[in-house]
Amino acid sequence: MKTIYIVAIISILLAGCAQENLNIDSDNDGIYNHIDACKNTPKLAKVDEHGCALDLDNDGVIDLYDKCKNTPALDKVNANGCSLK
Ligand SMILES: [Ca+2]
Ligand SMILES: [Ca+2]
């Protein structure tokens, strides 16, 4: 009987946590944690529907920090997202 009581309490606690987590958006990007694939998006970065920072030219440098937003595909880039020459 005591075991059932303990299991019931644990279940209620877990359910409470799960419910609460649905409304948390730790990085404030507008995408709740439970559907956010990138939970540490830098402040001010624009994100896609998965909560990941946009990188329109896919060079690995997110648009927030990318000083060259139209880097040709396959180009290697520096920390600013500009092609290495
Ligand atoms: Ca988020
Ligand atoms: Ca770039």
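The values are calculated or read from the model by the stated rules, or taken from the named source; none is laboratory data. Predicted, not measured: the structure shown is a model, and the values here were computed from it. Cβ atoms come from the backbone with ideal geometry, glycine included; neighbour counts cover every protein chain shown.
Name every residue in region 38-65 that is within 16 Å of ligand 1 (Cβ to nearest atom), under 15 Å from Gly81 (Cβ atoms) and acidic (Asp, Glu), in order of residue number.
Of everything in region 38-65, nothing turns out to be within 16 Å of ligand 1 (Cβ to nearest atom), under 15 Å from Gly81 (Cβ atoms) and acidic (Asp, Glu).
Can you work out which of the residues in region 68-79 that are in a loop (DSSP other than H, G, I, E, B) and surrounded by 13 or more Cβ atoms within 10 Å (Cβ to Cβ) is farthest from ligand 1 (Cβ to nearest atom)?
The selected residue is Asp75.
Which members of region 29-59 meet the condition of being within 14 Å of ligand 2 (Cβ to nearest atom), part of a loop (DSSP other than H, G, I, E, B) and either in contact (Cβ under 8 Å) with a residue 60 or more places away in the chain or surrounded by 12 or more Cβ atoms within 10 Å (Cβ to Cβ) (or both)?
Those that are within 14 Å of ligand 2 (Cβ to nearest atom), part of a loop (DSSP other than H, G, I, E, B) and either in contact (Cβ under 8 Å) with a residue 60 or more places away in the chain or surrounded by 12 or more Cβ atoms within 10 Å (Cβ to Cβ) (or both): Leu54, Asp55, Leu56, Asp57, Asp59.
If we keep just the residues of region 38-85 that are within 13 Å of Asn28 (Cα to Cα) and of a type in the set (A, V, I, L, M, F, W, C), which is farthest from the chain's Cα centre (by Cα)?
Among those residues, the one meeting the criterion is Leu44.
Do the conditions hold for Lys43, that is, is it within 20 Å of Ile62 (Cα to Cα) and modelled with pLDDT under 95?
Yes: the conditions hold for Lys43.
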